[in-house]
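Take a look at the structure below.
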Amino acid sequence: MSEDAVCDPEKGELCILGKRHIAVDVQTLCSYLDSLVGVKVGEVIMHNIEFSLGKMDAARLRAERPQSSLTELVEHLTNADRLSGTGITKVTLPENPQNRILIEVANPGVNGTAGAAKEFLVAWWAGAFSALYDKEFDVKHVAYDEGKKLLTGAVAAR
């Protein structure tokens, strides 16, 4: 399927942000990756993958919706999280873009504070904000509260 092709749910295709996706058990994928290469290397690999995907997704969305505000773009991206099974994402944008952007994911499809699972959700947002602000963002914090089923994280400009 080419990058420009339109996906079709009638053909069994899961479409998110105008791109075909495949539903997989990402928690198991992250655990398996960590077992193959170690927790630290799994974390680095997942960070690089998700950062790149977030950057590409946000850049494509901005190109498709050039008149949309940052808030509208973020709302569209959080809706995509919900549709993908990621969870219910809330992004808190600071008044000053130099401050940390807070990310909360209720009922996350992946949870973990180490290894590949740590980077899966928040690194995607670091990449997305890198594209939206046209500067590089890093993951600064990831925590998971089992009782609340809430993953929290932060990204900040370098």
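The values are calculated or read from the model by the stated rules, or taken from the named source; none is laboratory data. These numbers were taken from a predicted model, which means no experiment stands behind them. Every residue, glycine among them, receives a Cβ derived from its backbone with ideal geometry; neighbour counts consider all protein chains shown.
If you go through segment 102-144 and keep only what is over 25 Å from S31 (Cα atoms) and surrounded by fewer than 24 Cβ atoms within 10 Å (Cβ to Cβ), you end up with L102, S130, A131, L132, Y133, D134, K135, E136. Taking the residues in segment 6-31 that are surrounded by 13 or more Cβ atoms within 10 Å (Cβ to Cβ), more than 15 Å from the chain's Cα centre (by Cα) and not hydrophobic (A, V, I, L, M, F, W, C) as candidates, determine which candidate is farthest from I103 (Cα to Cα). The residue in question is E13.
Only one residue in L53, L29, L36 is outside any loop (DSSP other than H, G, I, E, B), hydrophobic (A, V, I, L, M, F, W, C) and in contact with a helix residue (DSSP H, G or I) (Cβ under 7 Å, 6 or more places away or on another chain), so which one is that?
L53
Is it true that L132 is assigned to a strand (DSSP E or B) and either modelled with pLDDT of 95 or more or in contact with a Pro (Cβ under 6 Å, 6 or more places away or on another chain) (or both)? The answer is no for L132. Considering the conditions (1) under 25 Å from H141 (Cα atoms); (2) modelled with pLDDT of 95 or more, R65 is excluded by exactly one of them, (1). Being in contact with a strand residue (DSSP E or B) (Cβ under 9 Å, 6 or more places away or on another chain), over 21 Å from L14 (Cβ atoms) and among the polar types (S, T, N, Q) holds for only one residue in T86, T92, T71, and it is T92.
Within segment 52-72, take every residue that is among the aliphatic types (A, V, I, L, M) and closer than 19 Å to G153 by Cα and give me the one that is farthest from the chain's Cα centre (by Cα).
Checking each candidate, the answer is A58.
Do you know which residues across segment 121-153 are among the small types (G, A, S) and within 18 Å of V74 (Cβ to Cβ)? Result: A123, A126, G127, A128, S130, A131, G153. For first residues located in segment 85-113 and without any contact (Cβ under 8 Å) to a residue 12 or more places away in the chain, partners that are part of a loop (DSSP other than H, G, I, E, B) and surrounded by fewer than 19 Cβ atoms within 10 Å (Cβ to Cβ) and lie 6+ apart or on another chain with Cβ distances below 8 Å form the pairs P94/R100. Among the numbered conditions (1) more than 22 Å from L151 (Cβ to Cβ); (2) assigned to a strand (DSSP E or B), the only one that E10 does not meet is (2).
Which count do you get for residues in segment 66-99 that are part of a loop (DSSP other than H, G, I, E, B) and surrounded by fewer than 17 Cβ atoms within 10 Å (Cβ to Cβ)? Result for segment 66-99: 12.
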